[in-house]
Amino acid sequence: MDIADLTEELVAIPSHRAGDHDERAAGDFIASWLRERTDATVRRDEAGNVIARKGTGPSLALVGHHDVVPPDDSQVEGDDYAVERRDGRLYGRGTADMKGCVAAAMLAFAAVDPAGELVFASFVGEEQGGIGCWAAIEDGFAPDYAVVGEGSTGYSAAGVTDVAVAHKGRRGSTIVAEGEAAHASEPGAGENAVYRACDAVDVVRDIQFPETAVLGHSLSGSVAVTEIDGGSAWNVVPERCEVTVDERTVPGERAPLSRVETVDGVSLRIDQDLPPMACGDAAFADAVQSAAAAAQDGPPEQVVKPHATDAGWLADAGTDCVVVGAAEPGEAHTADESVSIDVLDRCRAIYGRVARTWDGAEN
């Protein structure tokens, strides 16, 4: 089946997590397609993930997700999402992130005679923090290796599909400063929570960003205060103030944000912690890079990504991961989201070559 046709069919199915537009219909389509075209074992777990398996030996998973962020009004056509084919690209919500590479993985999975056990997995809830992937891991999903189809094109050079061997994670935290309210005409009668929050922000500003290296590639984390909310009226000394902190984490490291709790009346709450990813098997990374080189003219490189993906959850659970996908920086989550058809077909070829040749040993 043609990669563009399959992507169009998949993209047209609404799958953002709102009302009747959740991921169930897209998951049904993927599971039915695999059952009709392969002799693999195909199952839906309780979370709604689609997982298929065939072959024996060390396991390699082709991983994606079929949920999307809510579409722009221009990306909806009746009861479906709008999909347009123009100038060698597909336009529509989910084309780049990441139904196009789900389709590429489906085609590769169906066509290949794998060197070991080949697993196809399309998760729900990636856009909600990877809840589908996390649920699968809790249920025992533990492939030895995984190629995750998030975007890796255009990092080393325009149009080149690279191999991401690491990516940053994200930890979102809230600094909570508590004080004692008083009339603003007598500020000394209270404890100003905003002042305490500002003292905590000064602590954050002095924190050194974590750094590490993965297979010779350096990653630097970051910490940024992104929101502050405190006070109830212009004439009241505030009794509470909250500060939002965005931290981009690197493998094995976290910024020491707990230092803010040395300020009187200040506590730290962790709201989200999406893990980073680091590939621990250089031979696997090299094998995927070789497969990527065979599928294109430009020389692919091993790169790092700034964004968290489901690969972080898998790596945290012990799977050696790389990220290889068609999306380029800036394409996802936009009103004019699109993906190159040729690059989708390239990804299909890369996935198939890895599955045919990688048997869990250096080769």
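The values are calculated or read from the model by the stated rules, or taken from the named source; none is laboratory data. Remember, predicted model here, so these are calculated numbers, not experimental data. Backbone-built Cβ (ideal geometry, glycine too); neighbour counts: all protein chains shown. Please note that ligands, DNA and RNA were not included when accessible areas were found on the heavy atoms of the full protein model with its side chains. Shrake-Rupley method; radii C 1.70, N 1.55, O 1.52, S 1.80 Å.
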- Query: Do you know which residues across region 309-338 are open to solvent by 30 Å² or more (accessible area, probe 1.4 Å) and either of a type outside the set (D, E, K, R) or assigned to a helix (DSSP H, G or I) (or both)?
  - Reply: 313, 316, 317, 318, 329, 330, 332, 333, 334, 335
- Item | Top-ranked residue in region 213-249 [being part of a strand (DSSP E or B) and in contact with a Lys or Arg (Cβ under 6 Å, 6 or more places away or on another chain); ranked as surrounded by the fewest Cβ atoms within 10 Å (Cβ to Cβ)] | 222
- Item | Exclusive hit being under 30 Å from residue 242 (Cβ atoms) and either modelled with pLDDT of 95 or more or surrounded by fewer than 22 Cβ atoms within 10 Å (Cβ to Cβ) (or both), set 116, 172, 151, 159 | 172
- Item | Which numbered condition residue 150 misses (of (1) among the acidic types (Asp, Glu); (2) outside any loop (DSSP other than H, G, I, E, B); (3) within 23 Å of residue 31 (Cα to Cα)) | (2)
- Note on the structure: A careful count of residues in region 191-212 that are surrounded by 13 or more Cβ atoms within 10 Å (Cβ to Cβ), without any contact (Cβ under 8 Å) to a residue 60 or more places away in the chain and assigned to a helix (DSSP H, G or I) gives 5
- Task: Quickly run through region 25-44 and pick out the residues that are of a type outside the set (A, V, I, L, M) and either closer than 22 Å to residue 352 by Cβ or open to solvent by less than 20 Å² (accessible area, probe 1.4 Å) (or both).
- Result: 27, 29, 32, 33, 35, 36, 37, 38, 39, 41
- Message: On the basis of being over 34 Å from the mean Cα position of the chain (by Cα) and surrounded by fewer than 18 Cβ atoms within 10 Å (Cβ to Cβ), does residue 142 make the cut?
- Response: no
- Item | Counted residues, region 339-348 - those being part of a helix (DSSP H, G or I) and open to solvent by less than 50 Å² (accessible area, probe 1.4 Å) | 5
- Task: Among residues belonging to region 271-304 that are under 20 Å from the mean Cα position of the chain (by Cα) and among the small types (Gly, Ala, Ser), point out the one that is surrounded by the most Cβ atoms within 10 Å (Cβ to Cβ).
- Result: 278
- Message: Looking at region 97-108, can you tell me whether even one residue there is open to solvent by 10 Å² or more (accessible area, probe 1.4 Å) and either among the charged types (D, E, K, R) or farther than 24 Å from residue 340 by Cβ (or both)?
- Response: yes
